[in-house]
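Chemist: Please find one structure pasted underneath; my questions will follow.
The values are calculated or read from the model by the stated rules, or taken from the named source; none is laboratory data. Note that the structure is a prediction, hence the values are computed from the model and not measured. Ideal geometry is used to build each Cβ from the backbone, glycine not excepted, and the neighbour counts take in all protein chains shown.
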Amino acid sequence: MTQQMPEHPYSKIGRASVLESLQWFKQYVGNHGLPLNHNQSLENHYRIASLGSLKATWLSQPYVFPLDFDYAALSSIKRIVLVSVEGFRDFQPEIARAKLACMPELEGIEVREVKVGLDAAGLETRNCMSFVQ
(Lines give C-alpha, C1' and ligand atoms only; values in the text may rest on other atoms or scores of the structure.)
Protein backbone atom coordinates (compact mmCIF):
# COMPACT_ATOMS: atom_id res chain seq x y z
CA MET A 1 0.00 0.00 0.00
CA THR A 2 2.82 2.39 0.74
CA GLN A 3 3.98 2.12 -2.87
CA GLN A 4 0.51 2.48 -4.40
CA MET A 5 -0.79 5.19 -2.06
CA PRO A 6 2.12 6.91 -0.29
CA GLU A 7 -0.11 9.79 0.86
CA HIS A 8 -2.64 7.54 2.59
CA PRO A 9 -2.57 8.03 6.39
CA TYR A 10 -1.74 4.35 6.95
CA SER A 11 1.27 4.70 4.64
CA LYS A 12 2.44 7.77 6.50
CA ILE A 13 2.37 6.20 9.96
CA GLY A 14 3.72 2.84 8.79
CA ARG A 15 2.76 -0.81 8.96
CA ALA A 16 4.00 -1.38 12.52
CA SER A 17 1.94 1.52 13.92
CA VAL A 18 -1.16 0.41 12.04
CA LEU A 19 -0.85 -3.17 13.34
CA GLU A 20 -0.18 -1.96 16.88
CA SER A 21 -3.26 0.29 16.76
CA LEU A 22 -5.47 -2.49 15.42
CA GLN A 23 -4.24 -4.89 18.09
CA TRP A 24 -4.96 -2.27 20.76
CA PHE A 25 -8.48 -1.75 19.39
CA LYS A 26 -9.10 -5.50 19.19
CA GLN A 27 -8.02 -5.94 22.82
CA TYR A 28 -9.98 -2.90 24.02
CA VAL A 29 -13.31 -3.92 22.49
CA GLY A 30 -12.69 -7.54 23.48
CA ASN A 31 -12.29 -6.44 27.10
CA HIS A 32 -15.68 -4.74 26.79
CA GLY A 33 -17.56 -7.78 25.50
CA LEU A 34 -17.04 -7.51 21.74
CA PRO A 35 -14.48 -10.07 20.63
CA LEU A 36 -13.04 -9.59 17.15
CA ASN A 37 -10.92 -11.89 14.98
CA HIS A 38 -8.71 -11.49 11.94
CA ASN A 39 -7.08 -13.89 9.50
CA GLN A 40 -3.82 -15.44 10.62
CA SER A 41 -2.30 -14.16 7.38
CA LEU A 42 -3.06 -10.58 8.52
CA GLU A 43 -4.88 -10.03 5.22
CA ASN A 44 -8.39 -8.66 4.85
CA HIS A 45 -11.28 -11.03 4.32
CA TYR A 46 -14.81 -10.73 3.01
CA ARG A 47 -17.88 -10.97 5.17
CA ILE A 48 -21.51 -10.87 4.13
CA ALA A 49 -22.95 -7.45 4.91
CA SER A 50 -26.55 -6.79 5.93
CA LEU A 51 -27.62 -5.89 2.39
CA GLY A 52 -26.15 -9.06 0.91
CA SER A 53 -22.91 -7.72 -0.48
CA LEU A 54 -19.41 -8.94 0.31
CA LYS A 55 -17.45 -6.34 2.25
CA ALA A 56 -13.72 -6.40 2.77
CA THR A 57 -12.67 -6.04 6.39
CA TRP A 58 -9.81 -6.91 8.69
CA LEU A 59 -11.76 -7.60 11.88
CA SER A 60 -15.01 -9.54 12.26
CA GLN A 61 -16.96 -10.99 15.16
CA PRO A 62 -16.15 -14.68 15.81
CA TYR A 63 -19.59 -15.80 14.57
CA VAL A 64 -19.05 -14.11 11.18
CA PHE A 65 -17.71 -16.49 8.53
CA PRO A 66 -14.52 -14.97 7.07
CA LEU A 67 -14.20 -15.55 3.35
CA ASP A 68 -10.75 -15.20 1.78
CA PHE A 69 -10.44 -13.18 -1.40
CA ASP A 70 -9.85 -16.34 -3.45
CA TYR A 71 -13.23 -17.77 -2.30
CA ALA A 72 -11.54 -21.08 -1.44
CA ALA A 73 -13.73 -21.59 1.65
CA LEU A 74 -16.92 -21.49 -0.43
CA SER A 75 -16.60 -25.20 -1.10
CA SER A 76 -17.26 -25.84 2.61
CA ILE A 77 -20.46 -23.76 2.70
CA LYS A 78 -23.66 -25.72 2.18
CA ARG A 79 -26.11 -22.96 3.05
CA ILE A 80 -26.30 -19.39 4.24
CA VAL A 81 -28.95 -18.61 6.83
CA LEU A 82 -30.08 -15.01 7.21
CA VAL A 83 -31.58 -14.48 10.66
CA SER A 84 -33.80 -11.52 11.44
CA VAL A 85 -35.46 -10.56 14.70
CA GLU A 86 -39.21 -10.02 14.50
CA GLY A 87 -40.08 -6.43 15.27
CA PHE A 88 -36.65 -5.05 14.48
CA ARG A 89 -36.77 -3.11 11.24
CA ASP A 90 -33.08 -2.58 10.57
CA PHE A 91 -32.53 -5.77 8.59
CA GLN A 92 -34.49 -6.92 5.56
CA PRO A 93 -33.34 -10.47 4.78
CA GLU A 94 -35.27 -10.58 1.51
CA ILE A 95 -33.03 -7.81 0.13
CA ALA A 96 -29.88 -9.62 1.26
CA ARG A 97 -31.14 -12.92 -0.15
CA ALA A 98 -31.89 -11.36 -3.57
CA LYS A 99 -28.45 -9.77 -3.71
CA LEU A 100 -26.68 -13.00 -2.72
CA ALA A 101 -28.64 -14.92 -5.37
CA CYS A 102 -27.09 -12.68 -8.04
CA MET A 103 -23.50 -13.49 -7.07
CA PRO A 104 -21.90 -16.07 -9.36
CA GLU A 105 -19.45 -16.99 -6.57
CA LEU A 106 -22.37 -18.25 -4.47
CA GLU A 107 -24.11 -20.23 -7.21
CA GLY A 108 -25.42 -23.53 -5.87
CA ILE A 109 -25.35 -22.43 -2.23
CA GLU A 110 -28.78 -22.41 -0.60
CA VAL A 111 -29.76 -19.12 1.04
CA ARG A 112 -32.51 -19.28 3.69
CA GLU A 113 -34.29 -16.70 5.79
CA VAL A 114 -35.50 -17.34 9.32
CA LYS A 115 -37.13 -15.02 11.83
CA VAL A 116 -36.75 -15.31 15.56
CA GLY A 117 -38.96 -13.70 18.17
CA LEU A 118 -37.94 -12.17 21.44
CA ASP A 119 -41.25 -12.67 23.24
CA ALA A 120 -39.44 -14.22 26.17
CA ALA A 121 -37.45 -11.00 26.59
CA GLY A 122 -40.62 -8.87 26.76
CA LEU A 123 -40.12 -7.34 23.31
CA GLU A 124 -43.48 -8.22 21.81
CA THR A 125 -44.06 -4.85 20.17
CA ARG A 126 -43.05 -3.87 16.64
CA ASN A 127 -41.73 -0.54 17.93
CA CYS A 128 -38.85 -1.64 20.11
CA MET A 129 -37.79 1.96 20.69
CA SER A 130 -40.63 2.24 23.23
CA PHE A 131 -38.46 0.15 25.55
CA VAL A 132 -35.54 2.59 25.37
CA GLN A 133 -35.71 5.20 28.10
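Chemist: Scan region 28-53 and report the pairs whose first residue is within 21 Å of S84 (Cα to Cα) and whose second residue is small (G, A, S) and in a helix (DSSP H, G or I), with Cβ atoms within less than 9 Å and a gap of 6+ or a chain change.
Modeler: Sorted first by the residue in region 28-53, then by its partner, the pairs are I48/A96; A49/A96; S50/A96; L51/A96; G52/A96; G52/A98; G52/A101; S53/A96.
Chemist: Do we find a residue being part of a strand (DSSP E or B), within 30 Å of I80 (Cα to Cα) and modelled with pLDDT under 95 anywhere in region 11-26?
Modeler: No, region 11-26 has no match at all.
Chemist: I've got another one for you. For a quick check of your reading of the model, give me the residue pairs whose first member lies in region 12-23 and is free of Cβ contacts under 8 Å to residues at least 40 places away in the same chain, whose second is hydroxyl-bearing (S, T, Y), with beta-carbon atoms closer than 6 Å and at least 6 apart or on different chains.
Modeler: Within 6 Å, the pairs are V18/Y10.
Chemist: Any residue that is within 12 Å of the chain's Cα centre (by Cα) and either over 30 Å from R15 (Cβ atoms) or surrounded by 11 or more Cβ atoms within 10 Å (Cβ to Cβ) (or both) - is there at least one of those in region 113-121?
Modeler: Within region 113-121 (the criterion being within 12 Å of the chain's Cα centre (by Cα) and either over 30 Å from R15 (Cβ atoms) or surrounded by 11 or more Cβ atoms within 10 Å (Cβ to Cβ) (or both)), the answer is no, since none of the residues qualifies.
Chemist: Cβ-Cβ distance below 9 Å, separation of 6 or more or different chains: which pairs start in region 104-117 with a residue that is within 18 Å of D70 (Cβ to Cβ) and end on one that is among the charged types (D, E, K, R) and not in a strand (DSSP E or B)?
Modeler: Pairs found: I109/K78.
Chemist: I'm checking my understanding of the structure. Among residues of region 32-44 that are farther than 22 Å from F91 by Cβ and over 13 Å from the mean Cα position of the chain (by Cα), which one is surrounded by the fewest Cβ atoms within 10 Å (Cβ to Cβ)?
Modeler: Going through the qualifying residues, I end up with Q40.
Chemist: Oh, and also: Restricting the search to region 85-104, which residues are among the aliphatic types (A, V, I, L, M) and more than 23 Å from L118 (Cα to Cα)? If you could, list the steps in order and put the result at the bottom.
Modeler: The first filter runs over region 85-104 and keeps only residues among the aliphatic types (A, V, I, L, M), leaving 85, 95-96, 98, 100-101, 103.
Correct list: A98, L100, A101, M103.
Chemist: Quick check on region 74-87: of everything there that is of a type in the set (A, V, I, L, M, F, W, C) and surrounded by 13 or more Cβ atoms within 10 Å (Cβ to Cβ), which residue is farthest from Y46 (Cα to Cα)?
Modeler: Taking region 74-87 first, the residues of a type in the set (A, V, I, L, M, F, W, C) are 74, 77, 80-83, 85.
Going one step further and asking which of them are surrounded by 13 or more Cβ atoms within 10 Å (Cβ to Cβ), we end up with 74, 77, 80, 82, 85.
Working: L74: 11, I77: 14, I80: 14, L82: 16, V85: 24 Å.
Checked region 74-87; the qualifying residue farthest from Y46 (Cα to Cα) is V85.
Chemist: I need every pair where a residue in region 79-93 that is within 22 Å of E107 (Cβ to Cβ) and without any contact (Cβ under 8 Å) to a residue 60 or more places away in the chain has its Cβ under 7 Å from the Cβ of a residue that is hydroxyl-bearing (S, T, Y) and surrounded by 12 or more Cβ atoms within 10 Å (Cβ to Cβ), sequence separation at least 6 or different chains.
Modeler: Correct list of pairs: P93/S84.
Chemist: Now a separate question. Can you say whether R47 is exposed (fewer than 13 other Cβ atoms within 10 Å of the Cβ) and charged (D, E, K, R), as far as the supplied structure shows?
Modeler: no
Chemist: For Y63, which of the numbered conditions (1) aromatic (F, W, Y); (2) farther than 30 Å from R112 by Cβ; (3) loosely packed, with under 11 Cβ neighbours inside 10 Å fails to hold?
Modeler: (2)
Chemist: Within region 28-133, considering only strands (runs of 3 or more DSSP E) that don't extend past its boundaries, which have at least 1 residues that are under 30 Å from V18 (Cα atoms) and modelled with pLDDT of 85 or more?
Modeler: 45-48, 54-57
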